[in-house]
Amino acid sequence: MSALPRVPALAGLALCLCALAPLRGGAEERLRIDVRGGVARAVPVAVQRFAITGKVSAEQRDRFDRALRAGLEFSGLVDLVDREAFLDPVDSPRPLAQVIPCDNWRGIGADVLVQGSLEGDARRVRAHFRIWDVVRCQMQGAGGHFETAGGAEALLGRRLADEIVGRFTGTRGVAATQIAFISTRSRNKEVYLMEADGSDPRPVTRNRSINLLPDWSPDGDSLLYTSYRRGHPEVWRISRGRRPNGPLRDDGSTQIRGVWGPDGAGVALVVSHGPATGLYRVRPDGSRLEAITRGRFLDTSPTWSPDGSKIAFVSDRSGGPQLYLLDVDDRSVRRLTFEGRYNASPAWSPTGEWIAYQTQTQAGFDLYLIDPETGTTVPLVVHAGSDEDPSWAPDGRKIAFASARLGRYDVYTIDVDGRNLRRATRNLGECTAPAWSPWLAGGPETRSGRGEAGSARRYAARSPRAAESTDGSPGADLRADRPASEKR
Amino acid sequence: MRVLADTLFTDAGFPRTLALSAAGHLVVMGLLLSGLALPRIHSLPAPVFVDLVAPPTPPRAKSAARASAPRRVARHRPRQRVVQPVLIPRSPPPAPKARPKAKPKVAPAPRTPPRAKSAQTPQPAPPPTADEILAQLRARVSSRPETAQLEAPGVEEGRFDPLLARYQRQVLARLRANWTGVRAFQQHAGLRARYQVRLDASGALREVTLARGSGNPFFDESAERAIRRADPYPRPPRGALTLDLTFEPGGVF
């Protein structure tokens, strides 16, 4: 047998080797990692001081700057980067740059940069702003501006703080919202109003009677509250920019409480008839009263679900105060709480997932959350002092409540995960029954960006003169722009 | 030397030689019998009794355990060689196998009947305990196919890779430490964003791709910022690497 020719054999072998060789490089190794939750770090934000143009004074700029920074800190989601650490100037450039040195800002630990300018004069102020994501090195949304009347620079700063939070979380912040509450500062129980961070408290009512249980309309334009000014409890309504309309229903009935439902749902009214107290529904103008619970029970403290299909309320139909759920359409009722002897003051979250309520303890009350679907309860505020009257912020991330932890009742705010506890009221007597406003429909006007348009007139600035108004007439304007000289 | 050899082995020197030889043998025998020439054989130390109360430990740990146990050793022999008991080493444990997760039955949330105060009404069932509620929630979460995955870090396709497991832990810690603002999303149940990230052999970030969004672009962006903030990553154990990252905010409670 003859040997194979060498050259063709070698060529064939080489061809086989080439064919067997991989067509490309070896496959890259892959690794799967599930990242569940961070370490609860806040977003580090660097805020350059806004440049001044026009006739804006340094004092106006400082008011704006303080409110902006306070509003960001109030969110609980932001850590402000110390200006001493800036590698770039503390003041915003003028004009605003189209690009920024992202490495400089990342190098000091910032994730976000806010810069802008203020222009206008003492009567009108406009804030132009840009928000940068320095990690991805791009602008976060379009730039924009807010505008408001002179003297309202703090409102401008809070509104911008809410806008910044919204651009990174999808949900606007709540620094530019308000909290109504009851205060005994004047030795009577009057309705007061303050900004969400506790600044600028001022009275809404001055009728020297007993006023209780304020509740906001869905647009934040009106308040319902219970007043004994005519000798028996009635639900009254007061609106911004107008004198009060008086009782919601002027029928002589004993109206314990009024709670506004979502748009179109009407008002849940608690009316007492003899030994029983039941829930009713009326239109926002007080017409068309219809009963929604029946029986000789004590049914009170209604709170609406965000979609208006259900109402959670307190009833003693099983012996002691417990929470119940009512279906508004078919009027079916089922019990919700089974733990604790005394559960009260339910407040349905804006997201619909939880109902906050107070449950009795040896020392008073603690605050819990309950899932309306499963009945699962979670402690929210457990403290030696009594904690009561929960009220949700419109973002569903914060709760206002009254606490006697320091001896006297004051209004506090806390994040729903238990962080960022803040005392909102100080030296205002006993402060109870907080009611957190929705996002206010009128706000600083915006022309571009993601801000919302609104009428500045409806959200009028509180001029320094208004602080001196001393009307004694029933009900004062929510913003007290002018003395309410008319009397009913 | 030759003269001596000649002297010793001639006829005249033979008796002398014989005598010397015999004398030498006698001396050696005498020494042997007296024990002076033999090396001393030290007596064996008393055996060390050790009570094994834990599974066998590596030799380093065992010597430490024996060091603390009471010993009876010969005195004044600091360099004495202690005879170690011979242990048969155990075979290494088998690698953990990937167990396919059976779909657990999700028990419905128990609805306890209303608690009645009157002595005449029957006693209602007690409300579920915290452990029961947690078990239900765990069952509900683990029933989702996305979460019914291999639990052990570094376990891929049934093989345990310790290098990869260690690298996985390092990257996970780095991502969690750089994920800011996640608190804002912890109330949103079900958010899950998937990213593909390519690292080069030095650990530098080369490519970030959103493989599947959560439906919430703000959450997706926050996860991307965490990926970019964590750059540069630790050096991968075996060259360039692709990371398949899944981000979930975790719950508030």
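The values are calculated or read from the model by the stated rules, or taken from the named source; none is laboratory data. Model, not experiment: these values are computed from the prediction. Here Cβ is always computed from backbone atoms with ideal geometry, including for glycine, and neighbour counts include all displayed protein chains.
Below is a table of values for the structure above.
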read-out	value
Residue among A:220, A:173, A:198 that alone is in contact (Cβ under 8 Å) with a residue 12 or more places away in the chain and closer than 24 Å to residue A:408 by Cα	A:198
Checklist (1) assigned to a loop (DSSP other than H, G, I, E, B); (2) out of contact with any strand residue (DSSP E or B) (no Cβ under 6 Å at 6 or more places or on another chain); (3) within 28 Å of residue B:249 (Cα to Cα) applied to residue A:151, failing item	(3)
In the range A:356-379, the residues that are of a type in the set (Val, Ile, Thr) and within 14 Å of another protein chain (Cβ to nearest Cβ)	A:359, A:370, A:374, A:376, A:377, A:378
Checklist (1) exposed (fewer than 15 other Cβ atoms within 10 Å of the Cβ); (2) facing chain A (nearest Cβ under 7 Å); (3) closer than 26 Å to residue A:139 by Cα; (4) of a type outside the set (S, T, N, Q) applied to residue B:207, failing item	(2)
Scope the range B:173-184; condition within 7 Å of another protein chain (Cβ to nearest Cβ) and either hydrophobic (A, V, I, L, M, F, W, C) or not in a helix (DSSP H, G or I) (or both); matching residues	B:175, B:177, B:179, B:180, B:181, B:182, B:184
For residue A:276: the one exception among (1) more than 14 Å from chain B (Cβ to nearest Cβ); (2) farther than 18 Å from residue A:313 by Cβ; (3) surrounded by fewer than 20 Cβ atoms within 10 Å (Cβ to Cβ)	(2)
Given (1) closer than 22 Å to residue A:262 by Cβ; (2) small (Gly, Ala, Ser); (3) over 17 Å from the mean Cα position of the chain (by Cα), number of the condition residue A:209 does not satisfy	(1)
Residues located in the range B:185-199, provided they are surrounded by 15 or more Cβ atoms within 10 Å (Cβ to Cβ), closer than 23 Å to residue A:76 by Cβ and at the interface with another protein chain (Cβ under 9 Å from one of its Cβ atoms)	B:185, B:186, B:187, B:188
Pair list, Cβ under 6 Å, 6 or more apart: the range A:28-57 residue polar (S, T, N, Q), other residue at pLDDT 90 or above and crowded, with 16+ Cβ neighbours inside 10 Å	A:48/A:92; A:48/A:115; A:53/A:117; A:53/A:119
Residue match in the range A:96-110 (condition: in contact with a helix residue (DSSP H, G or I) (Cβ under 7 Å, 6 or more places away or on another chain) and away from chain B (no Cβ under 12 Å))	yes
Positions within the range A:106-148 being small (Gly, Ala, Ser), in a loop (DSSP other than H, G, I, E, B) and buried (at least 24 other Cβ atoms within 10 Å of the Cβ), in sequence order	A:110
Tally of residues being more than 15 Å from residue A:65 (Cβ to Cβ) and within 14 Å of chain B (Cβ to nearest Cβ) across the range A:114-170	19
Residue that is surrounded by 24 or more Cβ atoms within 10 Å (Cβ to Cβ) and among the polar types (S, T, N, Q), where the choices are A:184, A:205	A:205
Residues of the range A:27-49 classified as assigned to a strand (DSSP E or B), within 7 Å of chain B (Cβ to nearest Cβ) and either of a type in the set (Ser, Thr, Tyr) or touching a helix residue (DSSP H, G or I) at 6+ places or on another chain (Cβ under 9 Å) (or both), total	9
Count of the range A:406-422 residues which are assigned to a loop (DSSP other than H, G, I, E, B) and under 11 Å from residue A:381 (Cα atoms)	5
Counted residues, the range A:395-411 - those being within 14 Å of another protein chain (Cβ to nearest Cβ) and either among the acidic types (Asp, Glu) or buried (at least 22 other Cβ atoms within 10 Å of the Cβ) (or both)	4
Scan of the range A:412-435 for residues that are within 12 Å of chain B (Cβ to nearest Cβ) and either over 30 Å from residue B:185 (Cβ atoms) or in contact with a helix residue (DSSP H, G or I) (Cβ under 7 Å, 6 or more places away or on another chain) (or both), ordered by number	A:417
Residue among A:80, A:72 that alone is closer than 30 Å to residue A:418 by Cα and either touching an Asp or Glu at 6+ places or on another chain (Cβ under 7 Å) or exposed (fewer than 15 other Cβ atoms within 10 Å of the Cβ) (or both)	A:80
Some residue of the range A:252-271 being surrounded by 19 or more Cβ atoms within 10 Å (Cβ to Cβ), assigned to a loop (DSSP other than H, G, I, E, B) and more than 24 Å from the chain's Cα centre (by Cα)	no
Residues satisfying the stated conditions in the range A:356-375, i.e. surrounded by fewer than 16 Cβ atoms within 10 Å (Cβ to Cβ) and under 23 Å from the mean Cα position of the chain (by Cα)	A:371
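Residue-by-condition table, conditions (1) surrounded by 15 or more Cβ atoms within 10 Å (Cβ to Cβ); (2) under 33 Å from the mean Cα position of the chain (by Cα); (3) part of a loop (DSSP other than H, G, I, E, B); (4) more than 7 Å from chain A (Cβ to nearest Cβ):
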| site | (1), (2), (3), (4) |
| --- | --- |
| B:201 | no, yes, yes, yes |
| B:211 | no, no, no, yes |
| B:219 | yes, no, no, yes |
| B:225 | yes, no, no, no |
| B:232 | no, yes, yes, yes |
| B:243 | yes, yes, no, no |
| B:247 | yes, yes, no, no |
